[in-house]
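Scroll down for the structure; my scribbles are underneath it.
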Amino acid sequence: MGFAHTVGGTRHVFPDLRTLLARATPSRSGDVLAGVAAESAAERVAAQRALADLPLRHFLAEAVVPYEADEVTRLILDSHDPAAFAPVAHLTVGGFRDWLLGEADSTALTALAPGLTPEMVAAASKICRLQDLVAIAAKCRVTTRFRNTIGLPGTLSIRLQPNDPVDDPKGVAAQILDGLLLGAGDAVIGVNPATDNVDNLCRLLEMLDGVRARFDIPTQTCVLAHVTTTLLAIERGAPVDLVFQSIGGTQKTNESFAVSLALLKEAREAALALRRGTLGDDLMYFETGQGSALSAEAHHGCDQQTIEARAYAVARAFSPLLVNSVVGFIGPEYLFDGKQITRAGLEDHFCGKLLGLPMGVDVCYTNHAEADQDDMDALLTLLGVAGVTYVMGVAGADDVMLAYQSTSFHDGLYARAALGKRPAPEFAAWLERMGIADRTLEALPAPMTDLLR
Amino acid sequence: MSTPVLWRDLRRYTPARVALGRAGNALPTAAHLDFQEAHARARDAVWSGLDAPALEGAVGALGVPVRRVASAAPDRRSYLLRPDLGRRLADGEAARLAEIAAPGSIAVVLADGLCATGVQAHAPPLLAALLPGLRAAGWQLAPVVIATQARVALGDAVGEALQAAAVAVLIGERPGLSATDSLGCYLTWAPRRGRTDAERNCISNIRPEGLPPEAAARKLLWLLDAARRLGQTGVALKDEEPAAPLVAPQPQDRIGGTP
């Protein structure tokens, strides 16, 4: 079946759901690259009007990626909860947006999440302005636990990201101390390893766990290696708190990351068996990002934002502690400039939260994108108002290993102060105990000085 | 080194921007402007071009034949917005490479990538360190290919045309704030168009202050030997080389991380 709408005397026809969604998507370079973007502003708004009139039920009848060919589609449709969906089952996409902005409250949204598919929330996002994406996401409540409590109202957590160009333990440790002194680390202390070497992974895991245990920091640690390498580390008895993996919204994208749903399940079970969580057992950590499917030629003719939302269906099947879009990392061929990165970051946060995920965002850009620190400040502030679960903390905003700019420890302090947010409660109490909650002393706290001996 | 006592002592242990101080919750002015300057330099580096004749001369001086190819991307802006063009050879290039095919060889591609500074400076010393090891391992080296407006996957098309057993693409990495001369090396066994990033192994951050070119050459020889034994590269080839505090992120470990 097709869809159509007339704008200014021209009838625009969209042959199927994936085309309708793609043409309705606000402009971005990745959809132009894929050849799925609207060819004019009029065609885009015609698609948005046709999409607004589409019943939400239709998304249960037409898959954007074939059911037979894709395990992510099968996961989405087979795990759909009709009872949870019932309160909005009578609505169109446009009616759903109005309901979300109006009567929907936190309790209703939490109950609704299992009844929503990624394509439904992606559709709603396409007819939202930035303020709608902020206002609706701010109503969502998602709380997760491992060694602390992440996502409580009034909190903003920070991933401390102490990446080192050669995985030098002292280089990592110096950045951890810097981050802790500036209030970062309650989401996770998480290192992107410079090498996927198993020995190196085990060495970093031991070092991170040693720092955490020595100062009794109520947080979790992670080395963001490939899931198969983490499984090897678990076999060797390394202290693995969280299992990390990059994921995408189609089976073929995940194959390009060399993962499957079965492999993720295996890794989660292996880590659960270690029983390292004290407050809860949410232990998966996923990263995503618009454009990864097209980059792997695994997008099935869909727009990148719809595929991105489908990655969140993969994430929610594994009860993650943390999920974040790495929104500006992928480059200008997918998100050209600050305007496109800003919109994508808010879309990703909105979709993740509506689907029930503890959604953070790596507010970031690369040096070949048309973006700068001003764009990051705007997106960070908008996300803070939208209740983002966590953002990154990188020393001086400059990741010296991955060669991109993310939010700094200072940015985290700014966002918390400007928006009246606090760290996760257990971590906030630890900062108080260490005497570093409200200021950074010129002298290092005494117990920390011998870490670098 | 003595035990750190002050916050600023942390700077001794890392090239990262630690202990910058605070002006309220923000960066003090000097640190803020340091960052702005580094970003300005990186932005300019993205738009810098490869001096192909100079590189050709440096490689030719090592006594190996060199060919130049262009990708299908006509200019820098097209290259940035259309990565598909940077992965394809320009019309006619594949046929010209086929004339000098070296079946079963190792092909080496020197590619400008997102910043030409690194390949310009560090590819010749890396090659110089690599050549004796290749000879010792019994490898035939195909003519070295210098590629402009090139992405990593262009190596698949080059390797396929040359009928190479493996291709190593030495490519300029996206410039960071602290380094604008980083070189990456991507090794792909049995190169042919359509290979995915999961089928490659990577050595990154090759530069004197990161992984020196000579160490990268040793690492590449190790990977090449392992690839020949396994008959493949990528995730199946786990970097289990002992005691190697080296640098080789798998490109699939970060969303969109491949140049």
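The values are calculated or read from the model by the stated rules, or taken from the named source; none is laboratory data. All figures in this text were calculated on a predicted structure; none of them were measured in a lab. When we count neighbours, we look across all protein chains shown, and the Cβ atoms used for this are built from the backbone with ideal geometry, even at glycine. SASA here: full protein model, heavy atoms, side chains in, ligands and nucleic acids out. Shrake-Rupley method; radii C 1.70, N 1.55, O 1.52, S 1.80 Å.
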Item checked: A:Ser29 accessible area, 1.4 Å probe, all protein chains in place, Å² to nearest 10 -> 20 Å²
Check: Which semi-axis lengths, in whole Å and largest first, follow from the square roots of five times the eigenvalues of the Cα gyration tensor of the stretch A:3-137?
Finding: 25, 19, 14
Next item on the list: Whole number please: convex hull volume per residue, Cα atoms of the stretch B:1-156, in Å³.
Entry: 174 Å³
Note to self: Rounded to the nearest 100 Å², what is the buried accessible area between A and B, both sides summed, probe 1.4 Å?
What the structure shows: 5800 Å²
Notebook entry, point to check: Per the 1.4 Å probe, what fraction of the accessible area of the protein assembly as shown, in percent, lies on carbon and sulfur atoms?
Noted result: 52 percent
Note to self: Give me the residues in the stretch A:368-411 whose solvent-accessible area, probe 1.4 Å, is reduced by at least 20 Å² once all protein chains are included instead of the chain isolated.
What the structure shows: A:His368, A:Glu370, A:Gln373, A:Ala395, A:Gly396, A:Asp398, A:Val400, A:Leu402, A:Ala403, A:Gln405, A:His410
Checklist line | Expected 222 nm ellipticity per residue - DSSP helices of 4 or more, -39500 (n - 2.57), all of chain A, to 500 | finding: -12500 deg cm²/dmol
Margin query: At 222 nm, what value in deg cm²/dmol follows for chain B if DSSP H runs of at least 4 each add -39500 (n - 2.57) and the sum is divided by all its residues, to the nearest 500?
Written below: -10500 deg cm²/dmol
Item checked: Kirkwood Rh, angstrom, the stretch B:109-212 [1 / mean 1/r, Cα pairs] -> 13.8 Å
Next item on the list: Averaging sequence separations of C-alpha pairs under 8 Å and six or more residues apart, then dividing by the length of chain A, give the relative contact order as a whole percent.
Entry: 19 percent
Check: At a Förster distance of 25 Å, what's the computed FRET efficiency of B:Ala136 paired with B:Arg41, Cβ-Cβ distance as r, to 0.05?
Finding: 0.05
Check: Restricting attention to the alpha-carbon atoms of the stretch A:144-448, what are Rg (one decimal) and Dmax (integer), both in Å?
Finding: 17.8, 58
Notebook entry, point to check: Which residues of the stretch B:18-41 show a drop of at least 50 Å² in accessible area when all protein chains are present, compared with their chain alone (probe radius 1.4 Å, heavy atoms only, ligands and nucleic acids excluded)?
Noted result: B:Arg22, B:Asn25, B:Phe35, B:His39
Next item on the list: Would you mind classifying the stretch B:52-253 by shape? Square roots of the alpha carbon gyration tensor eigenvalues, ordered a ≥ b ≥ c; an a/c under 1.5 is rounded, otherwise it is prolate if a/b is larger than b/c and oblate if not.
Entry: rounded
Checklist line | Accessible area per residue in Å² at 1.4 Å probe, computed on the stretch B:52-253 | finding: 35 Å²
Next item on the list: About the Cα centre of the protein assembly as shown, how large is the charge dipole given +1 on each Lys and Arg Cβ and -1 on each Asp and Glu Cβ? Please answer in debye to the nearest 20.
Entry: 140 debye
Note to self: To make sure I understand the rule: partners must be lysines, Cα under 25 Å from the Cα of B:Lys219, and not fewer than 8 residues away in the same chain. Which ones qualify?
What the structure shows: A:Lys170, B:Lys238
Notebook entry, point to check: Can you tell which of A:Phe257, A:Ile234, A:Pro332 lies farthest toward the positive end of the dipole of chain A, using +1 and -1 charges on the Cβ of basic and acidic side chains (Lys, Arg; Asp, Glu)?
Noted result: A:Ile234
Item checked: Electrostatic dipole magnitude of chain B [Cβ: Lys, Arg +1; Asp, Glu -1; Cα centre; debye, to 20] -> 320 debye
Notebook entry, point to check: Which value in Å does the Kirkwood hydrodynamic radius of the protein assembly as shown take, with 1/r averaged over all unlike C-alpha pairs and then inverted?
Noted result: 25.8 Å
Note to self: If R₀ is 51 angstrom, what is the calculated FRET efficiency for the pair A:Ala69 and A:Ala213, using the beta carbon separation as r and rounding to 0.05?
What the structure shows: 0.65
Item checked: Cβ-derived FRET efficiency at R0 30 Å, B:Ser2 paired with B:Thr29, nearest 0.05 -> 0.50
Notebook entry, point to check: Among all stretches of chain A without exposed GluC sites (Glu not before Pro) (DSSP loop, at most 14 other Cβ atoms within 10 Å), which one is longest?
Noted result: A:104-296
Next item on the list: With springs connecting C-alpha atoms under 10 Å apart, model chain B as a Gaussian network and identify which of B:Pro124, B:Pro28, B:Pro208 has the largest mean-square fluctuation.
Entry: B:Pro28
Check: Which whole-number percent is the relative contact order of the stretch B:52-253 (Cα, under 8 Å, 6+ apart)?
Finding: 22 percent
Check: What is the average number of partner chain Cβ atoms found within 10 Å of a Cβ in B:206-214?
Finding: 1
Note to self: For chain A, what does the accessible surface come to per residue with a 1.4 Å probe? Please give it in Å².
What the structure shows: 30 Å²
Checklist line | Accessible-area value, A:Cys140, 1.4 Å probe, nucleic acids and ligands omitted, Å² | finding: 10 Å²
Checklist line | Nitroxide proxy distance, nm - points 7 Å out along Cα→Cβ at A:Arg129 and A:Val385 | finding: 1.1 nm
Notebook entry, point to check: Any idea which of B:Val5, B:Gly234, B:Gly63 is furthest toward the positive side of the dipole for chain B, if Lys and Arg beta-carbons carry +1 and Asp and Glu beta-carbons -1?
Noted result: B:Val5
Checklist line | Cα centre as origin, Lys/Arg/Asp/Glu Cβ charges: the stretch A:1-63 dipole, Debye | finding: 100 debye
